[in-house]
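**Q** Okay, here's the structure, questions in a sec.
The values are calculated or read from the model by the stated rules, or taken from the named source; none is laboratory data. Predicted model, so just to flag it, every value in this text is computed and none were measured. No Cβ is skipped: glycine too gets one built from the backbone with ideal geometry, and neighbour counts run over all protein chains shown.
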Amino acid sequence: ATPSKMSFGGIGRWMFKKMMKAKNVSSLPELRQMALDLGVKMYGCQMSMEVMEIPRETLIDQVTDSVGVGFFIEQAQESNFTMFI
C-alpha cells in the first residue's frame, strides 16, 4: 500500500517508525499481525475514504471492507473491545 496523501510528504511515517524503534515498540506489521492472530477485524471508514479519495485498492489486504457508521456501531455493540482510529 502507498502512503496516504496526509503523510506529510513521507516524513510522518519515517518519524513514527523512528520513535517506535527508540521506545522498543514492535513494528506496525508485527502489531497488526498480533491483532489479527487475536481475531481483530479491520474495516475502513467508507465516508473518510470517499472524502479523502482513498481507493480500496490502496488499503492493506487485512482491511476486509469499507463500512459506514451504522454497521460499525452494530459490530461494536457485539464486541468485547472496540478501537476507532
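**Q** Among the residues of the range 74-85 satisfying the criterion of being exposed (fewer than 11 other Cβ atoms within 10 Å of the Cβ) and aliphatic (A, V, I, L, M), which is farthest from residue 39 (Cα to Cα)?
**A** 85
**Q** So, one more: Scan the range 11-26 and report the pairs whose first residue is at negative phi and whose second residue is small (Gly, Ala, Ser) and not in a helix (DSSP H, G or I), with Cβ atoms within less than 8 Å and a gap of 6+ or a chain change.
**A** 13/7; 17/27; 20/26; 20/27
Residue-by-condition table, conditions (1) assigned to a helix (DSSP H, G or I); (2) modelled with pLDDT of 90 or more:
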{"site": "5", "(1), (2)": "no, no"}
{"site": "10", "(1), (2)": "yes, no"}
{"site": "15", "(1), (2)": "yes, no"}
{"site": "18", "(1), (2)": "yes, no"}
{"site": "43", "(1), (2)": "no, yes"}
{"site": "47", "(1), (2)": "yes, yes"}
{"site": "81", "(1), (2)": "no, no"}
{"site": "85", "(1), (2)": "no, no"}
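**Q** Residues in the range 55-68: is at least one assigned to a strand (DSSP E or B) and exposed (fewer than 12 other Cβ atoms within 10 Å of the Cβ)?
**A** yes
**Q** Go through the residues of the range 9-30 one by one and say whether even a single one is among the charged types (D, E, K, R) and in contact with a Ser or Thr (Cβ under 6 Å, 6 or more places away or on another chain).
**A** Yes, some residue in the range 9-30 is among the charged types (D, E, K, R) and in contact with a Ser or Thr (Cβ under 6 Å, 6 or more places away or on another chain).
**Q** If a residue must be farther than 24 Å from residue 78 by Cα and either of a type outside the set (Ser, Thr, Tyr) or assigned to a helix (DSSP H, G or I) (or both), how many such residues does the range 20-41 contain?
**A** 9
**Q** A further question on this structure: Limited to the range 48-71, what total is found for residues that are within 18 Å of residue 82 (Cβ to Cβ) and hydrophobic (A, V, I, L, M, F, W, C)?
**A** 4
**Q** Could you please let me know if residue 25 is surrounded by 11 or more Cβ atoms within 10 Å (Cβ to Cβ), under 13 Å from the mean Cα position of the chain (by Cα) and closer than 27 Å to residue 14 by Cα?
**A** Criteria not met by residue 25.
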